[in-house]
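Notes for the one structure printed next.
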Amino acid sequence: MRERFFILFLLILVSVTNIEAQSEKGNRFSFILSPQVSWMKSDCNSVDGNGNVFGFDFGLLYDRFFDKNYAFSTGIVVNSGGGKLSYNDTVPAYIGSEVVDVVDLDYKLKYLQIPLGLKLFTNDFRRTRFYAEMGLYMGFNIVAHDSNGKKLKDEVKLFGSGFQVGGGMDYSLGGTTYLTFGLHYFSGFTDVTSNSEVDDKTIMRRVEMRFGIVF
């Protein structure tokens, strides 16, 4: 089901790109810095998501308007998150350069992510406008370690993808400059972990408070 949604949304984005290529409605850039809480969830009954990780993401977003109140959104973001998994029995895990039997394992992860989405804006009202957003994201793991700083590269898959939904408001500082605030939810499609001893699918989810400046 998620894969069908992924393909359908990509087709919509291609259509939007073709529309905006014939239009000149403007574009904008945003720098964002967003505190967040993330957690991991397994589809296996013997694996529990047992803890949250507080982190943040930051990056540059690009909105290309194909109409006054509609935009195609993308960018590049560095995301820091993770979670904690608890197993009913000990499992071997590659921690640092050693194989260690663990019951609990903390994941501190960092991804380089590319969001792809559609944004809908209200008209300006008293220097304020509201927006809603939905879309996809894909990313590449660039850092993986446990709570002690030991590497978990062999326990984490390189590529990940998922969907995002959110909304918020922009407040005008004059001209084309805005402050932006929002609440966004992200949920993964793909398995985060790569432990061959555990037959499960573990996804990462997160909620973030978005702060940024639009220019």
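Any read-out appearing in this document is the output of simple, stated calculations on the displayed coordinates, not a laboratory observation. All values reported here derive from a predicted model rather than from experimental measurement. Here Cβ is always computed from backbone atoms with ideal geometry, including for glycine, and neighbour counts include all displayed protein chains.
Projecting the Cα positions of S187, G212, F56 onto the charge dipole of segment 2-214 (unit charges on Cβ atoms of Lys, Arg, Asp and Glu, taken about the Cα centre) puts G212 furthest along the positive direction. Stretched out straight at 0.36 nm per residue, the stretch from N148 to Y70 would grow longer than its current Cα-Cα span by 23.6 nm.
Here segment 81-195 is treated as a Stokes sphere of Kirkwood radius computed over C-alpha pairs; at 4 °C and 1.567 mPa s its diffusion coefficient rounds to 78 µm²/s. Judged by the mean number of other Cβ atoms found within 10 Å, the most tightly packed of the peptides 87-94, 30-37 leads the ranking 30-37, 87-94. Positive end of the charge dipole of segment 36-158 (Lys, Arg +1 and Asp, Glu -1 on Cβ, about the Cα centre): tell me which of L109, N45, G135 has its Cα farthest that way. Of the listed residues, the answer is G135. For a straight C-alpha distance cut-off of 20 angstrom, the lysines reachable from K108 (same-chain residues fewer than eight places away being disregarded) are K41, K84, K150, K151, K153, K157, K201. For the chain, the relative contact order comes to 20 percent (Cα pairs under 8 Å, sequence separation of at least 6). Rounded to the nearest 10 degrees, the angle from helix 2-21 to the longest Cα principal axis of the chain is 30 degrees. Only four residue types carry charge here, +1 at the Cβ of Lys and Arg and -1 at the Cβ of Asp and Glu. Report the dipole size of the chain about the Cα centre in Debye, rounded to the nearest 20. About 1020 debye. Our estimate of slack between N45 and R126, defined as 0.36 nm per intervening residue step minus the Cα-Cα distance, is 24.0 nm. Length gained on full extension, M134 to M209: 25.4 nm, using 0.36 nm per residue less the C-alpha separation.
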